[in-house]
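Below is one structure, written out as structure tokens, with a few remarks after it.
Just so it is clear, none of the values below were taken in a lab; they were calculated from the coordinates. This is a predicted model, so every value here is computed, not measured. As a convention, Cβ positions derive from the backbone with ideal geometry for all residues, glycine included, and neighbour counts pool all protein chains shown.
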Amino acid sequence: MSSGEQHLPRLRGLAYRMLGVHADAEDIVQDVWSRWLALPRADVESPLGWLITATTRACIDRLRQLRREREAYVGPWLPEPEIADADPERSLEIADELSIAFLLMLERLSPEERAAFLLHAAFDQGHAQIAAVLGKSEASVRQLVHRAKSHIESERPRPNVDRARARVVVQHFLEAWQSRDRARLLDLLRTDVTYTSDGGGRVAAATRVVVGAERVSRFLVGIYSKLPPDEQRIPRLVAGAPGYVRLRQGQIVAAVAVETEQDRIAAMYTVLNPDKLRFYRV
């Protein structure tokens, strides 16, 4: 393995958390890697330090461009989810830091706050290291990290849940949805449940977040009545939590992340934009 190549998974993880888009993250990492291969190694004291710095700065620049693009996005924007087999160990491993709710919280930070927070909290970088990456003083970095933590803590992320129980809730939901049993759906939904769908203007989707058990249950029943009879729903880990994908002719047409709390559904995030699903296979 060539010098630095062992760091590529870490760089991809950083870029994805920064951008929330796998294709953009991969483009950034490939560009950084190409620059690294052309660099005189004698000039570099720490390969990992150089790679993290280059990746972070490129992501900050790209994130500023993406934010302008997302202002014109049709309907709610959701990050591309991780989709995996329903493995409980994998679920526990990535549930918090790759959940859609967490990535959406990161979206509310400035690009430099986001970078400082991720480098500190997810990649165990010290304030001095982050200062070197961002070209700022340690005092400024401490303020960035503090502001980011304050923003995220104010969102009061949901506590860790029992993944096995959450899978049961998702299964009960799928059964109730398939039978279009609104009474049972209402029993499974928290009164303040939210349903967010991202079609990106490419496919039909709600252009606003649907809020409340009554509205969400009606919306879900309305959706089901329009689905083709041969569509499949298969349980999967979506963004680190039990959820499901919808399949038509072997192609994923929707990935749904389900957040549960006390055996009821607190939030549902449905990614429908085909651009965000095209690389996934069942």
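A few notes on this one:
- Maximal additional length on extending the Arg70-Asp263 stretch stands at 66.1 nm, based on 0.36 nm per residue less the C-alpha distance.
- Between Ser225 and Ala42, the simple label model (points 7 Å from Cα in the Cβ direction) yields a spacing of 7.5 nm.
- FRET efficiency, Gln249 to Ala204 (Cβ-Cβ, R0 22 Å, nearest 0.05): 0.75
- GluC sites (Glu not before Pro) within segment 1-73: DSSP coil, no more than 14 neighbouring Cβ in 10 Å: Glu45
- Cross-link partners of Lys226 among aspartates and glutamates (Cα-Cα below 20 Å; sequence separation of 8 or more within a chain): Glu175, Asp181, Asp198, Glu214
- Against the chain, whose longest principal axis is taken from its Cα atoms, helix 163-178 shows a tilt of about 40°.
- Cα-based reach from Lys136 at 14 Å (exclusive), listing aspartates and glutamates while leaving out same-chain residues under 8 positions away: Glu112, Glu113
- For segment 163-276, the dipole from Cβ point charges (+1 on Lys and Arg, -1 on Asp and Glu) about the Cα centre works out to 120 debye, to the nearest 20.
- With Cα atoms, 0 to 90° folded angle of helix 22-37 axis to the chain main axis: 20
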